[in-house]
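Following: one structure in structure tokens, then a few remarks.
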Amino acid sequence: MEIDALFNALAVAERLKNNTRHSWTSENRHESVAEHSWRLALMAYFVKDEYPGLNMDKVILMCLIHDLGEAFTGDIPAFLKTEDHEQKESELLNQWVASLPQPFRGEMKALYEEMDALETEEARLYKALDRMETLIQHNEAPISTWLPLEYELNQKYGREQCAFSPYTRALQEAVKAVCREKIRTEAEKGETP
């Protein structure tokens, strides 16, 4: 990639370091979109042995790029995001991808199309892990950062996305168990609403 084009692409990606998510870290600060994407990619690497037939390099790349549209729109929590929000994010992301030099333009366009279609095992795995990383982060954050609706939402978020494989179903059950235990423990302390 030509150096100026590289700098321009990295400048867009850098926005994700500054754009915060609804999620909080265990140190009681907002998580950045970049932090979520990085740990999601690491998570995909750690589960690679569970999916020996998949192209895990592709899954890891999907994890790294999945929220690049938020460089243009910022993060909107899933429970607030509308079709209009999704369409606007998609339009801005597609414009940016179209501005990239080849082969990156074609490769990223194809990856986003595959991710949106959710027809391949790689896309399904990335999406399931994305949901689970979000919940793991919620479980690690102080419960005081949770909204009241999240006590129930965190028990079912990602159910549909995790249904495609025994491992992701087991992962979701384990994440839900940690969530229930956190709620129970905090309720005993009198710290839940």
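Computed from the coordinates by the stated procedures, all read-outs in this text should not be read as laboratory data. Being a predicted model, the structure only gives us computed values, none of them experimental. Every residue, glycine among them, receives a Cβ derived from its backbone with ideal geometry; neighbour counts consider all protein chains shown.
Along the charge dipole of region 3-189, pointing to its positive end and built from +1/-1 on Cβ of Lys, Arg, Asp and Glu, which listed residue (L42, L64, N154) has its Cα farthest out?
Of L42, L64, N154, it is N154.
Starting from the Cα-Cα distance between A174 and D84, subtract it from 0.36 nm times their residue separation and give me the gain in nm to one decimal.
Extra length from A174 to D84 when fully extended: 29.0 nm.
Any idea how far the Cα center of region 160-189 sits from the one of region 114-141, in Å?
A separation of 14 Å, based on Cα centres.
Once amide H atoms are built 1.01 Å from N in the peptide plane, which residues 5 or more positions from W24, or in another chain, come under 5 Å H to H?
HN-HN under 5 Å from W24: E31.
DSSP loop (so not H, G, I, E, B), at most 14 other Cβ within 10 Å: list which chymotrypsin sites (Phe, Trp or Tyr not before Pro) in region 70-105 pass both filters.
In loop regions of region 70-105 (DSSP not H, G, I, E or B), the sparsely surrounded chymotrypsin sites (Phe, Trp or Tyr not before Pro) are F79.
At a threshold of 8 angstrom on Cα-Cα distance, excluding pairs fewer than six apart, so keeping six or more, what relative contact order does region 42-193 reach in percent?
So the answer I get is 22 percent.
Sorted from largest to smallest, which semi-axis lengths in Å does the alpha carbon gyration tensor of region 1-55 give for its equivalent ellipsoid, taking the root of 5 times each eigenvalue?
25, 22, 6
Got a sec? How would W24, W38 order by Cβ neighbour count within 10 Å, fewest to most?
Listing W24, W38 from fewest to most nearby Cβ atoms yields W38, W24.
Rounded to the nearest 20 debye, what is the charge dipole size of region 65-179 about its Cα centre when +1 sits on each Lys and Arg Cβ and -1 on each Asp and Glu Cβ?
Value, rounded to 20: 280 debye.
Determine the calculated [θ] at 222 nm for the chain from helices alone, applying -39500 (n - 2.57) to every DSSP H run no shorter than 4 residues and normalising by the residue count; nearest 500 deg cm²/dmol.
Rounded to the nearest 500, the figure is -21500 deg cm²/dmol.
Quick one: which residues, 5+ away or cross-chain, put their amide H under 5 Å from the amide H of K81? H built at 1.01 Å from N.
So K81 has HN proximity to no qualifying residue.
Output the Kirkwood hydrodynamic radius of region 3-189, Cα pairs only, in Å rounded to one decimal.
After inverting the mean inverse Cα-Cα distance, the result is 17.4 Å.
Which whole-Hz ³J(HN,Hα) couplings does region 172-178 yield from phi under the Karplus relation 6.51 cos²θ - 1.76 cosθ + 1.60, θ = phi - 60°, glycine and proline marked x?
4, 4, 5, 5, 5, 5, 5
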